[in-house]
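Below is one structure, written out as structure tokens, with a few remarks after it.
What follows draws every value from the coordinates through simple rules; no lab data is involved. The structure presented is a predicted model; accordingly, all values stated were derived computationally and were not measured. FYI the Cβ positions are ideal-geometry reconstructions off the backbone, even for glycines, and counts take in every protein chain you see.
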Amino acid sequence: MGNQQAKVSEREIGWLCGMVDGEGSLMIVRNQACRRTSERWLPRITIVGTHVPTLNYLSNLLDIMGLPYHISWRLHNISRATNKASLHSWDLRAQGLKRTLRWLNILAPYLVTKQRQAELLVDFCNLRLEQYSKDSYTPEQVKLIQTIRGMNH
């Protein structure tokens, strides 16, 4: 009988990496929900689009791979004159040290245009996870935050 669990092909991993390279972002964002007085930073992978069949394929693929994600929808105003909002876009994201690292452990070797960002994000996640106290950032972590944020502008 063998293993009945669905497998992901190299082609599908390549497609996913193409989505991240082309329609995605690898970033570190300020945690707005954190109520502490000090800044908190979160690694994030985001893919944005408007094509629903692409989102369906993407979410199915991520489910098979066991990768965590969250989807949110946005409604964009197209015409201010008529006040009609007709374009929906989706935002698929994985956020947090462990979630981001799970994605990057699979995708980083296959990325092309965002490979350097992926490598730096992996370094940041690993450093934060190894750190005993998560309250402060080391100079190395601050430099990674600044470098990654600078690569997205």
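Mind listing whichever residues of the stretch 40-62 are of a type in the set (D, E, K, R) and either more than 15 Å from the chain's Cα centre (by Cα) or over 19 Å from Gln95 (Cα atoms) (or both)?
Within the stretch 40-62, just Arg40 meets the criteria.
Looking only at residues that are free of Cβ contacts under 8 Å to residues at least 12 places away in the same chain and part of a loop (DSSP other than H, G, I, E, B) in the stretch 129-153, which one is surrounded by the most Cβ atoms within 10 Å (Cβ to Cβ)? It would help to see each step written out before you state the result.
Initial filter on the stretch 129-153 (free of Cβ contacts under 8 Å to residues at least 12 places away in the same chain): 130-134, 138-139, 142-143, 146, 150, 153.
From what is left, the residues that are part of a loop (DSSP other than H, G, I, E, B) are 131-134, 138, 153.
Details: Gln131: 13, Tyr132: 5, Ser133: 5, Lys134: 10, Thr138: 11, His153: 4.
Going through the qualifying residues, I end up with Gln131.
Just the residues that are more than 24 Å from Asn56 (Cα to Cα) and either surrounded by fewer than 13 Cβ atoms within 10 Å (Cβ to Cβ) or without any contact (Cβ under 8 Å) to a residue 12 or more places away in the chain (or both), please, taken from the stretch 84-97.
Result: Lys84, single match.
I'd like the full set of residues that are crowded, with 20+ Cβ neighbours inside 10 Å and not in a helix (DSSP H, G or I), limited to the stretch 98-128.
Leu111, Lys114
Can you tell me how many residues within the stretch 15-32 are in contact with a strand residue (DSSP E or B) (Cβ under 9 Å, 6 or more places away or on another chain) and part of a loop (DSSP other than H, G, I, E, B)?
Residues flagged as in contact with a strand residue (DSSP E or B) (Cβ under 9 Å, 6 or more places away or on another chain) and part of a loop (DSSP other than H, G, I, E, B) within the stretch 15-32 amount to 1.
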